[in-house]
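To keep things clear, I will list the structure first and then write my remarks on it.
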Amino acid sequence: LWVAAAPCGGVCGLVFAFSWHASEVLRDAKPTMPTATQETQAAIEVERRVRKRHLGKSETGLRPALHESLRRLFSLPRLPANPYFFVATALSAYSTHGHSRKDVWSVTDEEVLDELEDVTLVDGGNGQTCKLNRFSDAWGLPHVLRATDRAGLTDIKTLLRRFPPALYPKTAKQVDTRNAECVFQALLSLQEGCLHRRKYQGAPARIGLRVDVVVDAPTIAEGLQTFVGYIDDTCEGVAKASEAHTVRGVLLMPGASNWGSDAKSARRAQWWSQQKMRTEQRGFDIAVKRATSSHHKVAMECIVQCPVPPEFLDGHYGTAASAARERAGSGSTASATKTMVTHLSVRVYFTFHYRVKTRKGVAPTATHYATLPFESMYTGVFLEQSAVVAYGDMYGGAVAPTSPLVLKNNVERMMKIGLSAMRSDDMPRALRMAVLVLLLRGDLGWSDGDDPPEQNSVDFHREKAFCDLIRSTNSSACWLFNVANEAKTLERCFGGDHSVTKTPGNSQSLTRHLTHLHQRMDDFMKQACRRDFGLEPLREMASDVLLGAIRLCERGGTGLTNPETSRNMSHHCVRALEKAKLLMTVVALTRSQEHQLMRPHMALVQAGAFGLNLIEKSESHGSDVDAQIDAAIDLAVARKKKRRARRARLKLKETEAGILRKKSWFSRRKGVGSSSDDSSDDEQTKKTTLLSIFAKQKEEVKQDRGGLSKHGGIPLVDPRAQRPTEKELDVVWQRVYEVVAASVCLDTKSSNRWMRKHRYVPPRFNNAAMLLQYVTDARLDETLHGVLVNAMQPPLIKNPFPEAVARLRATGHQFDVSFHLSGYGLSQ
């Protein structure tokens with residue numbers, strides 16, 4: 001009745017009541033179970049997201065690393081025929097950066113800047129001498145003290161006190177025993193090793209010292225004789241201190257200001273061994289006097305045996321300390337007092353400073369030979385306050401360390417040393433000079449972190465590049481490079497003209513050093529191989545040769561002591577150390593190159609510190625110019641000798657024929673005046689033009705890299721220059737990689753011509769089609785697909801880079817074999 005009475009409203013109310021009842025029923029009911037297809041799709045989606053996250057930037061970073069590696073491959077100016085080794089190198093560089101909490105590249109910029117030392121100005125003297133804050137064993141200029149480490153300097157000073165007394169002279173004035181009228185003062189400064197950081201680098205294999213000998217004498221001849229006598233006493237003092245030490249000799253080498261280039265200076269160098277110095281004492285004295293008067297360098301090289309604690313050799317990368325505790329067998333107390341024997345290569349530079357001594361007193365200033373003003377303070381530190389005060393006093397008050405000309409000349413010298421170290425692959429020295437030059441500028445490395453620059457600004461990238469430079473000096477590459485130099489020093493102890501005498505004590509020390517050198521090298525190489533399996537064969541080779549040498553030496557070095565087997569055993573040890581040194585150097589330089597590939601800003605700043613713009617010129621630019629200048633000068637000298645010989649022959653013929661010619665200097669007629677013809681005049685004109693051209697090029701190069709004020713136009717070094725673009729950064733790392741560029745590359749021009757001729761694709765797609773065909777022919781896409789699939793297989797590992805790099809290197813070797821067998825045909 002109710003529905004009939006209100007048909008419309010009743011129907012609506014009934015429908016509403018039914019829908020409300022149905023919704024309540026559905027709410028109480030259980031949800032519908034998904035089908036098998038939906039479950040499979042959901043599981044696939046979850047797995048896809050997990051794998052994507054695992055390969056993404058938030059976890060392993062393999063996918064963006066592969067993307068960047070391919071981008072770099074395709075941006076090369078010359079595409080290698082075998083792309084696998086380039087991609088493997090790029091991935092290996094990614095695997096060595098930031099994948100470990102102990103890695104130096106995971107340290108933040110704030111921590112890097114906090115580790116730099118604070119400098120305090122010292123009252124008195126010239127007013128510009130500084131010392132470390134609350135530390136009294138380092139004195140010098142602020143830019144050097146800022147980069148030092150007080151713990152490392154303490155270790156170095158402790159080490160120097162264990163050296164022979166002749167290598168650590170006293171600062172007090174001494175009277176020459178040969179001439180009572182002469183008084184000398186030896187001022188010792190630490191050069192190579194002043195930036196040593198024990199936390200990361202372990203013990204330095206090379207130590208560079210400089211002794212500024214200030215002589216007060218009536219005449220310069222007497223002063224030079226006192227200087228030569230001090231060098232003789234130092235050499236004999238090291239040799240007589242112990243039979244475990246060996247003196248290689250004294251080197252007399254002219255500086256670059258005396259000759260056109262470093263190659264000329266090296267050819268003019270004189271080497272006096274200790275035996276030659278003893279047999280020809282008078283000749284050695286005359287040679288040193290002439291060299292000093294001509295402003296030549298005088299340096300002594302020796303090898304010193306010294307006991308050191310295991311922690312001093314350990315650093316941050318080796319395991320010498322922990323291994324010593326394990327091998328001691330009596331707990332940590334027994335290993336705490338145990339020392340390890342090591343041999344250090346020491347080079348001592350001697351510099352002569354002369355002050356006139358009269359009845360009225362001594363002159364206030366000195367005359368300096370073969371040195372720039374305040375040269376010792378620009379590249380090193382003094383360990384005694386009295387030494388730095390005496391060093392500054394001999395220059396007087398007219399010259400200061402920060403005088404414009406003093407600053408310019410010293411900076412040019414530092415830049416030249418750094419550029420030479422870059423070309424000779426002396427990585428620690430190049431990094432040390434770059435850090436010192438950038439700190440000397442005053443606009444990098446002095447921030448205390450209170451007011452950081454704005455993110456992604458030019459100043460931000462400059463500071464970050466400088467922090468990367470500091471990280472590179474503390475990296476494992478420098479540590480292994482030091483170990484390679486240690487192997488080189490030990491090699492000289494075993495064999496050669498300056499090897500140590502194989503007494504029982506020396507043989508035991510050499511064997512002990514060889515043993516712990518192998519242990520530390522093997523420990524680090526294992527760590528390097530975990531990052532890159534391609535280095536495993538190098539580690540095995542180095543370990544095998546060193547183990548063979550250790551077995552030949554026998555227990556306690558008895559194989560070296562026996563006269564019948566000593567020579568043969570020493571020869572085998574020299575060969576083993578030479579091979580191990582080469583393998584370690586290869587790994588160290590590979591790691592250093594990976595750092596620069598990953599940090600192009602750092603490579604740009606390091607080269608820019610030496611006045612070299614990697615965007616415009618490569619590292620070998622300056623050396624090429626020097627080589628051209630040397631070749632032009634040699635050619636001119638050879639032509640001059642030929643003209644003289646021709647004139648002598650002509651004069652001899654005329655004399656035999658009885659012809660007497662008038663000497664007319666102004667006549668140009670043939671047969672009158674000079675015997676040189678027009679062709680010789682033309683040659684003289686060409687020679688003059690050639691020399692002027694090369695001299696102009698050398699002057700341009702010198703202007704490009706001279707002084708702090710001539711860094712204009714280099715990004716991240718000159719504050720006025722704009723930030724480098726991505727394309728310019730690609731050029732920078734390509735300059736770094738070009739030293740190992742592939743020998744067989746694709747001819748992209750002929751490929752483009754072939755595509756245009758055959759109308760392979762539309763013209764605007766030629767480059768893309770060429771790259772696609774290149775990847776397909778090399779089967780790079782299939783290999784990368786296999787790498788990614790293998791990396792995503794469960795169980796998922798935290799670091800998939802080593803296996804990916806190993807797979808790429810293995811495929812690269814297979815590609816090389818098939819590529820050579822097919823006659824260098826990529827399509828086959």
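The values are calculated or read from the model by the stated rules, or taken from the named source; none is laboratory data. These numbers were taken from a predicted model, which means no experiment stands behind them. Every residue, glycine as well, gets a Cβ built from its backbone with ideal geometry; the counts of neighbours run over all protein chains shown. The protein model used for the area step is the full one, side chains on, heavy atoms only, and it has no ligands, DNA or RNA in it. Shrake-Rupley method; radii C 1.70, N 1.55, O 1.52, S 1.80 Å.
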Single residue of A768, A810, A806 found to be in a helix (DSSP H, G or I), more than 27 Å from L535 (Cβ to Cβ) and among the aliphatic types (A, V, I, L, M): A768
In segment 210-224, how many residues are open to solvent by less than 30 Å² (accessible area, probe 1.4 Å) and over 30 Å from the mean Cα position of the chain (by Cα)? 7
Conditions first: (1) without any contact (Cβ under 8 Å) to a residue 40 or more places away in the chain; (2) out of contact with any Pro (no Cβ under 7 Å at 6 or more places or on another chain); (3) part of a helix (DSSP H, G or I). R756 passes all but one, so which condition is the exception? (2)
Being under 27 Å from K170 (Cα atoms), at pLDDT below 95 and assigned to a strand (DSSP E or B), is that true of even one residue in segment 263-273? yes
Applying the selection to segment 777-795, what residues are open to solvent by 70 Å² or more (accessible area, probe 1.4 Å) and at pLDDT below 90? Q793, P794, P795
Being open to solvent by 90 Å² or more (accessible area, probe 1.4 Å), under 18 Å from L79 (Cβ atoms) and at pLDDT 85 or above is the filter here, so list the residues in segment 755-767 that pass it. F765, N767
Count of residues meeting criterion [open to solvent by 60 Å² or more (accessible area, probe 1.4 Å) and in a helix (DSSP H, G or I)] in segment 52-85: 6
Candidate set from segment 788-803 (those that are free of Cβ contacts under 8 Å to residues at least 40 places away in the same chain and in a helix (DSSP H, G or I)); member that is nearest to S95 (Cα to Cα): N790
Please go through segment 351-400 and pick out each residue that is open to solvent by 20 Å² or more (accessible area, probe 1.4 Å), of a type in the set (G, A, S) and under 27 Å from the mean Cα position of the chain (by Cα). A370
Can you say whether T154 is under 34 Å from the mean Cα position of the chain (by Cα), hydroxyl-bearing (S, T, Y) and open to solvent by 50 Å² or more (accessible area, probe 1.4 Å), as far as the supplied structure shows? yes
Can you name the condition, by its number, that F227 falls short on among (1) surrounded by fewer than 23 Cβ atoms within 10 Å (Cβ to Cβ); (2) in a helix (DSSP H, G or I)? (1)
Restrict the check to segment 585-593 and report whether at least one residue is in a helix (DSSP H, G or I), open to solvent by less than 10 Å² (accessible area, probe 1.4 Å) and either β-branched (V, I, T) or modelled with pLDDT of 90 or more (or both). yes
Can you say whether L121 is more than 27 Å from R599 (Cβ to Cβ), in contact with a Gly (Cβ under 9 Å, 6 or more places away or on another chain), exposed (fewer than 13 other Cβ atoms within 10 Å of the Cβ) and of a type outside the set (S, T, Y), as far as the supplied structure shows? yes
Looking at the structure I just gave you, is V605 in contact (Cβ under 8 Å) with a residue 12 or more places away in the chain, of a type in the set (A, V, I, L, M), assigned to a helix (DSSP H, G or I) and open to solvent by 10 Å² or more (accessible area, probe 1.4 Å)? no
Determine the pairs where a residue that is open to solvent by less than 10 Å² (accessible area, probe 1.4 Å), located within segment 292-303, has a partner that is among the charged types (D, E, K, R) with Cβ atoms under 6 Å apart, the partner being 6 or more residues away or on another chain. A299/R347
The number of residues in segment 738-754 that are among the hydroxyl-bearing types (S, T, Y) and either at pLDDT 85 or above or buried (at least 17 other Cβ atoms within 10 Å of the Cβ) (or both) is 1
When segment 498-512 is examined, which residues are found to be out of contact with any Cys (no Cβ under 8 Å at 6 or more places or on another chain), of a type outside the set (K, R) and surrounded by fewer than 20 Cβ atoms within 10 Å (Cβ to Cβ)? H498, T501, T503, P504, G505, Q508
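Residue-wise test of (1) open to solvent by 50 Å² or more (accessible area, probe 1.4 Å); (2) among the small types (G, A, S).
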residue	(1), (2)
V144	no, no
T158	yes, no
P165	yes, no
T171	no, no
V175	yes, no
Q191	no, no
G208	no, yes
Segment 161-174 residues that are more than 12 Å from V213 (Cβ to Cβ), paired with ones that are assigned to a loop (DSSP other than H, G, I, E, B) and among the hydroxyl-bearing types (S, T, Y) (beta carbon under 7 Å, 6 or more apart): R161/Y168
Would you mind stating whether E564 is over 35 Å from the mean Cα position of the chain (by Cα) and either open to solvent by 30 Å² or more (accessible area, probe 1.4 Å) or in contact (Cβ under 8 Å) with a residue 40 or more places away in the chain (or both)? yes
Those residues of segment 436-474 which are open to solvent by 50 Å² or more (accessible area, probe 1.4 Å), in contact with a helix residue (DSSP H, G or I) (Cβ under 9 Å, 6 or more places away or on another chain) and not in a loop (DSSP other than H, G, I, E, B), in sequence order: R441, K464
Cβ contacts < 6 Å: first residue closer than 14 Å to G608 by Cα, restricted to segment 724-741; second residue at pLDDT below 80, any location; separation 6+ or different chain. Result? R735/S618
Taking the criterion of being among the β-branched types (V, I, T), closer than 22 Å to T158 by Cβ and modelled with pLDDT under 80, would at least one residue in segment 371-387 satisfy it? no
Hits in segment 417-428 (condition: in a helix (DSSP H, G or I) and farther than 18 Å from M377 by Cβ): L419, S420, A421, M422, R423, M427, P428
Specify which of the listed residues (L535, L582) is within 30 Å of V732 (Cβ to Cβ) and surrounded by fewer than 17 Cβ atoms within 10 Å (Cβ to Cβ). L582
Quick one: which of D523, D497 is out of contact with any helix residue (DSSP H, G or I) (no Cβ under 6 Å at 6 or more places or on another chain) and more than 19 Å from I303 (Cβ to Cβ)? D523
